[in-house]
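S.K.: This structure is in structure tokens; I'll ask about it shortly.
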Amino acid sequence: MSAEHHTHPTPAQYWKIAVVLAVLTAIEVAMFYIDRELGLGSLNALILITLALLKFVIVVGWYMHLRFEKPMLNRFFTAGFVLAISLYLVVLASLGVVVIRGG
Amino acid sequence: MSDIAHEAPVAHHEEHESTGIDNRKLGMWIFLSSEFLFFGALITNYLLYSNRAGFEGIYPAAIYDIPFTSVSSFVLLMSSLTMVLAHNALSRGDQDGTRTWLFATAALGSVFLAGQVFEFTEFIVEYDMTLATNPAASAFYVLTGFHGTHVAIGVIMLLSLWGISRRQGSLSERHGMNLELVGLYWHFVDIIWIVIFTVVYLLSVPPG
């Protein structure tokens, strides 16, 4: 249909991406239990948020094909997402909510 | 669709091409962006109340079944794989493959929903945590309930496409775009769950 389709991943690459996502999820769950034992606190939160962000970017970029779309759509989505996150972080900070608790 | 777009000098179709992106796809991305704000508000609401001390009744974070929810998360994550394989099969003209992967996606979505129903039932029956127990429980049910509603709508759309494909023998180019739009919606539901699983389940700590 369009030139974009030529650059889309192959089914084999989609399977590999799924394996990466599964491994990242397994690490997340493992981190939950490691934190229970060792009380990593903020470090655990930082690792979990980084892993979630990584999974998020992989799904949006490869499965939703955003990295193969026109740059305008990519910028539109990224800017909106960053603004939305900023907005809610400001709200949470202004209400004094402690999102990340130390162990 | 393509012959209409190329032959008819209709203003619609010129506008359609002005951004270089199909208007329906652009519309779906804008809709999904608005959904980010919607879920962002619900997640913020949960974070406001989940750790706040002084409420009566049990807190959701005290009773999460992490192994169970991890399996549910894995199931939903894998449904994104089957969705993208359905889209890929259609782009290769493999109609049987498209139907198979569409059905698999709907089935995995249904398994996730069944898990959520089980979780809610367990929380209500075993722990007596209802929507009205306290603001933390209310925020939890509203957030995860709305996400579940989105999954249910996605399953209905997937089964509709599967039914159309079965009845007509194949998906037309128009329905092919519909599959792409449903795919975007489905992946969105998945990425929202990625955030919910981390923020609500893995990082929440009850007060005290």
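S.K.: List every residue pair whose Cβ atoms lie under 7 Å apart, where the two residues are 6 or more positions apart in sequence or sit on different chains, the first residue falls within region B:59-74 and is open to solvent by 20 Å² or more (accessible area, probe 1.4 Å), and the second residue, located anywhere, is aromatic (Phe, Trp, Tyr).
M.R.: B:TYR64/B:TYR201
S.K.: Can B:SER34 be described as open to solvent by 40 Å² or more (accessible area, probe 1.4 Å), at pLDDT below 95, part of a helix (DSSP H, G or I) and not hydrophobic (A, V, I, L, M, F, W, C)? It would help to see each step written out before you state the result.
M.R.: Numbers: open to solvent by 40 Å² or more (accessible area, probe 1.4 Å): yes; at pLDDT below 95: yes; part of a helix (DSSP H, G or I): yes; not hydrophobic (A, V, I, L, M, F, W, C): yes.
Yes.
S.K.: Determine, yes or no, whether B:SER91 is facing chain A (nearest Cβ under 7 Å), open to solvent by 30 Å² or more (accessible area, probe 1.4 Å) and within 20 Å of B:THR105 (Cα to Cα).
M.R.: Yes, satisfied.
This table checks each residue for (1) over 24 Å from B:SER72 (Cβ atoms); (2) of a type in the set (Val, Ile, Thr); (3) open to solvent by less than 10 Å² (accessible area, probe 1.4 Å).
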{"site": "B:ALA136", "(1), (2), (3)": "no, no, yes"}
{"site": "B:VAL142", "(1), (2), (3)": "no, yes, no"}
{"site": "B:GLY145", "(1), (2), (3)": "no, no, no"}
{"site": "B:GLY148", "(1), (2), (3)": "no, no, yes"}
{"site": "B:TRP162", "(1), (2), (3)": "no, no, no"}
{"site": "B:SER165", "(1), (2), (3)": "yes, no, yes"}
{"site": "B:GLY169", "(1), (2), (3)": "yes, no, no"}
{"site": "B:SER172", "(1), (2), (3)": "yes, no, no"}
{"site": "B:TRP186", "(1), (2), (3)": "no, no, yes"}
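S.K.: Another question about this same structure. Cβ contacts < 6 Å: first residue at pLDDT below 95, restricted to region A:22-50; second residue open to solvent by 80 Å² or more (accessible area, probe 1.4 Å), any location; separation 6+ or different chain. Result?
M.R.: Pairs that qualify, where the first residue is at pLDDT below 95 and the partner is open to solvent by 80 Å² or more (accessible area, probe 1.4 Å), are A:GLY39/A:GLY103; A:LEU40/A:GLY103; A:GLY41/A:GLY103.
S.K.: Under the condition of being of a type in the set (Gly, Ala, Ser) and open to solvent by 50 Å² or more (accessible area, probe 1.4 Å), which residue from region B:37-56 is nearest to the other protein chains (Cβ to nearest Cβ)?
M.R.: Only one residue tops the list, namely B:ALA53.
S.K.: Quick check: is even one residue across region B:181-198 polar (S, T, N, Q), free of Cβ contacts under 8 Å to residues at least 12 places away in the same chain and closer than 21 Å to A:ILE85 by Cα?
M.R.: Yes - at least one qualifying residue is present in region B:181-198.
S.K.: Something else: From the residues in region A:52-93 that are in contact (Cβ under 8 Å) with a residue 12 or more places away in the chain and more than 9 Å from chain B (Cβ to nearest Cβ), which one is surrounded by the most Cβ atoms within 10 Å (Cβ to Cβ)?
M.R.: Looking at the filtered set, the residue picked out is A:ILE58.
The values are calculated or read from the model by the stated rules, or taken from the named source; none is laboratory data. None of the values given here were measured: they were computed from a predicted structure. Ideal geometry is used to build each Cβ from the backbone, glycine not excepted, and the neighbour counts take in all protein chains shown. The accessibility values were calculated without ligands, DNA or RNA, using every heavy atom of the protein model including side chains. Shrake-Rupley method; radii C 1.70, N 1.55, O 1.52, S 1.80 Å.
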